[in-house]
Amino acid sequence: MSSILPAPSNTRLITIVAHVDHGKTSLADSLCEHNGIISERIAGTVRYLDSMEEEQRRGITIRSSAIGLKHTYKSVKKAKGPAASNNDNGDKQMVVHLIDSPGHVDFSMEVSSALQICDGAILLVDVVEGICARTQSILREAYSQRLVPVLVLNKIDRLCTDLGLTVNESYARIQRVIENVNAAASNMIFSDR
């Protein structure tokens, strides 16, 4: 009998980390929706991975929750001439075990545990609030676990809807947030040496 799960080499464990209210659970909902687990209509509002009654009542994540998501990894073939085709289907079926971790500092042990067991981390930053103290501590902790977080900028629409910024002002704001994250990471790496 064959397993319904792919081989361990095709399995990844990823956690979403961020400051409180930067959108971790909404991102997890969107990824669940993309996998067909919940409908598009309720994604971002249902808080699917917040299973405790207290989490739903307070609207915050208290305990880390995990879910297995299917993903097809599409390999990129390098062309070997003008007539080369991409008929070789090197696609791999993967399972990404996604952990939605709390953002509030009171539940930092949940984040620590998630970072210790993961292969990677998604660092979510709200572009309106930018990098916060909790973001920097999570970045430090990810570095101590030898993880290189993938930066994801969230709530970009708020630059126009809430702040009323123009396109150029929004671009400058996004650029500043990226530079701040890079500076925090760089300072941490160089201070470690």
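The values are calculated or read from the model by the stated rules, or taken from the named source; none is laboratory data. Remember, predicted model here, so these are calculated numbers, not experimental data. For accessibility, only protein heavy atoms count, side chains too; no ligands or nucleic acids. Shrake-Rupley method; radii C 1.70, N 1.55, O 1.52, S 1.80 Å.
For Asp126, the residues whose modelled amide H falls within less than 5 Å of its own, excluding neighbours fewer than 5 places apart on the same chain, are Asn154. Across segment 66-76, computed HN-Hα scalar couplings (Karplus, 6.51 cos²θ - 1.76 cosθ + 1.60, θ = phi - 60°) run 10, 8, x, 10, 7, 8, 9, 7, 9, 6, 9 Hz from first to last residue, x flagging Gly and Pro.
A 1.4 Å probe, protein heavy atoms only, puts the accessible area of Phe107 near 40 Å². Residue-wise HN-Hα couplings along segment 123-137, as the Karplus relation 6.51 cos²θ - 1.76 cosθ + 1.60 with θ = phi - 60° gives them from phi, are 9, 9, 10, 6, 5, 6, 7, x, 6, 10, 4, 5, 4, 5, 5 Hz; Gly and Pro carry x.
Determine the order of Tyr143, Tyr171 by accessible area, beginning with the largest, at a probe radius of 1.4 Å. Can you show the working numbers first?
On the way: Tyr143 80, Tyr171 150 Å².
Sorted by accessible area, descending: Tyr171, Tyr143.
3J(HN,Hα) couplings calculated from phi for segment 173-189 with the Karplus curve 6.51 cos²θ - 1.76 cosθ + 1.60 (θ = phi - 60°) are, in sequence order, 5, 4, 4, 5, 5, 4, 4, 5, 5, 4, 5, 4, 5, 5, 4, 5, 5 Hz; Gly and Pro show x. Solvent-accessible surface of segment 128-186, taken per residue with a 1.4 Å probe and all protein chains present: 61 Å². Take Leu31: with every protein chain present and a 1.4 Å probe, its accessible area is about 60 Å². Annotation: amide H of Leu165 within the under-5 Å range of Cys160, sequence separation 5 or more or interchain, hydrogens built in the peptide plane.
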